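*Asks:* Would you mind keeping the following structure in view while I ask a few things?
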Amino acid sequence: SVGVVNGLGLRDGLVLDVGGGSAEVSQVVGGRFRRGGTAALGAVRLTEMFLAGSGRAKPRAVAALEDHVAEALEAFGGMALAPGGIFVGIGGTVRALARIDREARGYAFPLLNGYELKRSRLRDLVDQIAALPVDERPRRIPALPVDRADIILAGALTVLGALRWATADRLTVCGHGLREGLFFAEFLRPAAPVVRRLREFSVFNLGRLCGFEPIHASHVTRLALSLYDQLRDRHGYGEFERGCLWAAGQLHDIGTIVEYYDHHKHSAYIILNAGLPGYSHRETAWIALLCLYHRKGQPALENLRLPAQAGDRLRANRLAALLRLAEYLDRSRTQSITRLRVTAAGGRRVRLRALVRAGADGQVEIWEAQRNAGLFEQAFDCRLEIEAQ
């Protein structure tokens, strides 16, 4: 449970782990383990009991296995999924099912942690697996490992039965489990092993792993958020966008650990492939997208890696423009520009006053920001004027 809480930021929900010999169900309330239990519902055990042989699964055997799973899960009746709770799956069986579903959907986002497998799609997958002999399953079902071909049906039926029992319409995959839980219990000793501010921890942890410059990153973030807040009436966005802008501000330069000149590309790649526990896939994709365009270029939604939603093109332009402007306002990395004040934001003109630190010049930063203000002016349909104060 500690691994799951620190992997997803789970507050309330049920956690299912389907192993070879047994399945475990745990209840998490308020970010802490409440209770749990084990049932003899392992994928190997159930395969030997109901689905032995290499041919197609017999409908009678599949029905008997489903009844057996439903009966065994009734013993956990006191662990109902609370309203608003999340049904989480961990372990090899769950990850295998998620990879199969991801491949079938053409899901371009590279992370499994946080992936959502819908019950309706799992039901279709069960029917597809059951219709195939064991030796044909890896050839006909992309992403199915050969060494799981014989036991995947029993594992899928167990997960499906657990979703029915919990009256959940989807399963959220957690890439963290027992090993990570033990690590955090040791790493955070003597404090409680749960990371209470997981999103902040994830961002700073990745930044430090990549050797980021915390002073510059924090300064750029502060300038970007100041612009965001002062222009709220003009863009109308909320906490989702502000949270993504904060994280992107902190991580925009982490790609320099690979190479400087294309570090914006490397920053996005690292975020997409390392992941940010506590952030959804959509949030992580947005953070990577903003990092990708913090220096130059016109944001392209195909780099979002997820289906676009209404308003995403303008949203990408505006948020990237704010981060880009903040980046150039600390071009020398000396924090010469200490504060920003929007003095006019109506109509077709935005006037920005930049407070220069005593003893500093600030002209390089203002010149660079004005020179790279094209995306801002396009996104906000205005003429930007920056002056020192």
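*Asks:* Lys/Arg Cβ at +1, Asp/Glu Cβ at -1, dipole of the chain taken about the Cα centre: which of Ala154, Leu375, Pro133 is farthest positive-ward?
*Replies:* So the residue we want is Leu375.
*Asks:* Residue by residue, what Karplus-based ³J(HN,Hα) values in Hz, rounded to whole numbers, does region 150-167 have, using 6.51, -1.76 and 1.60 with θ = phi - 60° and x for Gly and Pro?
*Replies:* Ordered by residue, 3J(HN,Hα) equals 7, 9, 5, 5, 4, x, 5, 5, 5, 4, 4, x, 5, 5, 5, 4, 8, 6 Hz.
*Asks:* Placing unit charges on C-beta atoms (Lys and Arg positive, Asp and Glu negative, everything else neutral), compute the dipole magnitude of the chain about its Cα centre in debye, rounded to 20.
*Replies:* 740
*Asks:* For the ranges 308-317, 355-364, what's the packing order if you count other beta-carbon atoms within 10 Å of each residue, average per peptide, and put the highest first? Working shown, then result.
*Replies:* Numbers: 308-317: 14.8, 355-364: 13.1.
The most tightly packed comes first, giving 308-317, 355-364.
*Asks:* Take the Cα radius of gyration of region 1-68 and divide it by 2.2 N^0.38 Å, with N its residue count; two decimals is plenty.
*Replies:* 1.42
*Asks:* Let me ask you something else. Please check: in the Gaussian network model of the chain (C-alpha springs, under 10 Å), which one of Pro190, Pro277, Pro138 has the largest mean-square fluctuation.
*Replies:* In the Gaussian network model the winner is Pro190.
*Asks:* Provide the per residue accessible area, probe 1.4 Å, for the chain, rounded to a whole number of square angstrom.
*Replies:* I get 46 Å² per residue for this part.
*Asks:* Related question: Lys265: which lysines have alpha carbons under 29 Å from its alpha carbon, excluding same-chain residues fewer than 8 sequence positions away?
*Replies:* Cross-link targets: Lys296.
*Asks:* Can you find, among Gln230, Val195, Val173, the residue farthest towards the positive end of the dipole of region 172-242? Put +1 on the C-beta of Lys and Arg, -1 on that of Asp and Glu.
*Replies:* Among Gln230, Val195, Val173, the one farthest towards the positive end of the dipole of region 172-242 is Val195.
*Asks:* Counting pairs of Cα atoms in region 98-180, how many percent are more than 14 Å apart?
*Replies:* Values: 2207 of 3403 pairs.
The calculated P(r) of region 98-180 puts 65 percent of pairs beyond 14 Å.
*Asks:* Also, I was wondering about something else. Based on the alpha-carbon gyration tensor of region 210-325 and its eigenvalue square roots a ≥ b ≥ c, which shape applies: rounded if a/c is under 1.5, prolate if not and a/b is larger than b/c, or oblate? Don't jump to the answer; show the numbers that get you there.
*Replies:* Details: a/c = 1.56, a/b = 1.20, b/c = 1.29.
Here region 210-325 falls in the oblate category.
*Asks:* For region 296-369, with all protein chains present and a 1.4 Å probe, just round the carbon and sulfur fraction of the accessible area to a whole percent. Write down the numbers at each step before the final one.
*Replies:* Details: 1730 of 3600 Å².
C and S atoms contribute 48 percent here.
*Asks:* Would you mind getting me the FRET efficiency between Arg140 and Glu48? Use the beta-carbon distance for r and R0 = 30 Å, nearest 0.05.
*Replies:* Computed FRET efficiency for Arg140 and Glu48: 0.80.
*Asks:* Moving on. May I ask for the distance between the Cα centers of region 199-247 and region 105-128, given as a whole number of Å?
*Replies:* Comparing the Cα centres of region 199-247 and region 105-128, I get a distance of 31 Å.
*Asks:* Counting only protein heavy atoms and a 1.4 Å probe, tell me what percentage of region 1-152's accessible area is made up of carbon and sulfur.
*Replies:* 48
*Asks:* Let me ask another. When you count, for each residue, the other Cβ atoms within 10 Å and take the mean per peptide, how do 74-80, 333-339 rank with the highest first?
*Replies:* Working: 74-80: 13.1, 333-339: 17.9.
Put in order of decreasing packing, that is 333-339, 74-80.
*Asks:* Can you list the residues, at least 5 places off or on another chain, whose amide H is less than 5 Å from the amide H of Ile86, using H built in the peptide plane?
*Replies:* Distant-sequence amide H within range of Ile86: Asp12, Gly13, Leu14.
*Asks:* Which of rounded, prolate, oblate describes region 1-140, given a ≥ b ≥ c as roots of the alpha-carbon gyration tensor eigenvalues and a/c under 1.5 marking rounded, otherwise prolate only if a/b is larger than b/c?
*Replies:* Taking the square roots of the gyration eigenvalues as a ≥ b ≥ c, region 1-140 is oblate.
*Asks:* Contour minus end-to-end for Arg357 and Arg333, with contour as 0.36 nm per residue of separation and end-to-end as the Cα-Cα distance?
*Replies:* Going from the current span to full extension adds 7.4 nm.
*Asks:* Shifting gears a bit: Compare the Cα positions of Ala320, Val350, His264 along the charge dipole of region 253-366 (+1 at Cβ of Lys, Arg; -1 at Cβ of Asp, Glu; about the Cα centre) and return the one farthest towards the positive end.
*Replies:* My answer, from the dipole projection, is Val350.
*Asks:* So what is the relative contact order for the chain, in percent, with contacts set as C-alpha pairs under 8 Å and at least six apart? If you can, show how the numbers build up before the last one.
*Replies:* Numbers: 706 pairs, mean separation 57.4, N = 389.
This gives 15 percent for the chain.
*Asks:* Then there's this: Restricting things to alpha carbons, find the Rg to Rh ratio for region 261-361 using the Kirkwood radius for Rh.
*Replies:* On the way: Rg = 16.0 Å, Rh = 15.4 Å.
A ratio of 1.04.
*Asks:* Quote the relative contact order of region 44-137 in percent (integer), defining contacts as alpha-carbon pairs under 8 Å separated by 6+ residues.
*Replies:* The normalised contact order for region 44-137 reaches 44 percent.
*Asks:* Also, I was wondering about something else. What is the packing order of peptides 232-245, 7-20, taking the mean over residues of other C-beta atoms within 10 Å and listing the highest first?
*Replies:* Details: 232-245: 14.9, 7-20: 22.2.
Averaged packing, sorted descending, gives the order 7-20, 232-245.
The values are calculated or read from the model by the stated rules, or taken from the named source; none is laboratory data. Just so you know, these numbers come straight off a predicted model, no measurement behind them. Cβ sites come from the backbone with ideal geometry, for glycine too, and all protein chains shown count toward neighbours. Remember, those area values only see protein heavy atoms, side chains included, never the ligands or the DNA or RNA. Shrake-Rupley method; radii C 1.70, N 1.55, O 1.52, S 1.80 Å.
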